[in-house]
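S.K.: Dumping the structure here so I can ask a few things about it.
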Amino acid sequence: MPSSPSVNRSGRGTNSPSRRGPVLIDTHIHLDAAEFDRDRDLLLDQARNAGVGAFVVPAVDRASFARVALLGSRHADVYPALGIHPLYAGGADPSDLGQLESALESVRPLAVGEIGLDHYVEDVDRERQSFFFIEQLRLAQRHDLPVILHVRKAQDAVLKELRRHPVRGGIAHAFNGSRQQADAFIALGFKLGFGGAMSFEGSQRIRRLARELPLETIVLETDAPDMAPAWGQGERNLPQNIAEYARILADLRAQPVELIVRATSANARQALPGLAERLPSR
Ligand SMILES: [Zn+2]
């Protein structure tokens, strides 16, 4: 049963502005976060009314597999990804990988994610992060799934593992590397995720990448409730903010926002083939 009478199987609200144009795809949003417990359905509707047609929700640990799967079964426009986040590697057990593998078979997520390496935070053992990252690359390989990557201060280390354990591409979320590293991810079949960081005048490198990278390499994301934009510091980042991120990207590139929406959504479908199968393109 649809979660809301205004949402049909394709996830489009019947009174949504998205009916008149291409839909936005939020390729990274933690909708299962406790920060959204009090008003999740309301925020989802606000985002749908702002033109969002699909929400990709990555898991972060074993406990979240069931949470994101449940959201996916409740809402036709919510699409789970399943994986163990590098910052949760410290609390993860190798047996969680078996749980992940059976969930990949039963939930049929869009991707393995979010997975990766975080060398910014000191308190999670790097060897442990690498173990879970590599094992999950192998799972993605075995199930022919793309991956959603978390990469912080570890661009080259992640690229090295991707070359040793090739997967069918995916998304490097909240991309924050150099142009050379961006090109390396693109060459390996990845799209690069951009969101609230573009809203800060001081984020020179990210804004320059967003302006100069080929449009076919960019996808949009909120990472809500994290990564609040410049206008919402100290508050929750909200699902509806993605529409503003599309406008910021359009301004940076001096391109029409309709083109940005259409292109980034096509890119998301390309990076996540399960989305192309399940969400009709318009
Ligand atoms: Zn995330």
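S.K.: Taking every eigenvalue of the Cα gyration tensor of the range 105-235, multiplying by 5 and rooting it, what semi-axes result, largest first, whole Å?
M.R.: 24, 17, 15
S.K.: From Cα pairs below 8 angstrom and at least 6 apart in sequence, can you work out the relative contact order of the chain, rounded to a whole percent?
M.R.: Averaging sequence separation for qualifying contacts and normalising by length gives 19 percent for the chain.
S.K.: Return the single residue from R38, R168, R207 with maximal mean-square fluctuation; model: Gaussian network over the chain, springs between Cα atoms under 10 Å.
M.R.: Residue with maximal mean-square fluctuation among R38, R168, R207: R38.
S.K.: Check which residues have an amide H placed less than 5 Å from L117's amide H, if you skip close sequence neighbours.
M.R.: Close amide H contacts, sequence-distant or interchain: H150, R152.
S.K.: Taking just the alpha carbons, could you work out the radius of gyration and Dmax for the range 180-247, both in angstroms?
M.R.: When restricted to Cα atoms, the range 180-247 yields Rg and Dmax of 12.4, 37 Å.
S.K.: Mind checking the full-extension length gain between R142 and E127? Use 0.36 nm per residue of separation minus the Cα-Cα distance, one decimal, nm.
M.R.: Between R142 and E127, full extension yields an extra 3.1 nm.
S.K.: Let me ask another. Once you have the Cα-Cα distance between Q46 and R168, take 0.36 nm times their residue separation minus that, and quote the gain in nm to one decimal.
M.R.: Taking 0.36 nm per residue and subtracting the Cα distance, the gain is 40.6 nm.
S.K.: Follow-up. Among L43, L87, L100, which one moves the most in a GNM of the chain with springs linking Cα atoms closer than 10 Å?
M.R.: Most flexible of the set in this elastic network: L43.
S.K.: Out of the DSSP beta bridges found with both residues in the chain, what percent are antiparallel (nearest 5)?
M.R.: Of the beta bridges lying entirely in the chain, close to 5 percent run antiparallel.
S.K.: To continue, here is another question. Run the numbers for R205 and Q180: contour at 0.36 nm per residue of separation, minus the present Cα-Cα distance, in nm.
M.R.: Contour length minus Cα-Cα distance gives 7.8 nm.
S.K.: Could you check which residue among E35, E105, E221 shows the biggest mean-square fluctuation in a GNM of the chain with a 10 Å Cα cutoff?
M.R.: The residue that fluctuates most here is E105.
S.K.: To the nearest 0.05, what FRET efficiency results for S106 and E212 with a Förster distance of 51 Å applied to their C-beta separation? Don't skip to the end; give the middle numbers.
M.R.: Numbers: r = 42 Å, r/R0 = 0.82.
So, using R0 = 51 Å, E works out to roughly 0.75.
S.K.: At 10 °C and 1.306 mPa s, grab the translational diffusion coefficient of the range 20-278 from Stokes-Einstein with a Kirkwood Rh over Cα pairs, rounded to a whole number in µm² per second.
M.R.: Value of D from the Cα-based Kirkwood radius: 88 µm²/s.
The numbers here are math on the coordinates, done by the rules we state, and not lab data. If you're wondering where the values come from, they're calculated on a predicted model, not measured in any experiment. Every residue, glycine as well, gets a Cβ built from its backbone with ideal geometry; the counts of neighbours run over all protein chains shown.
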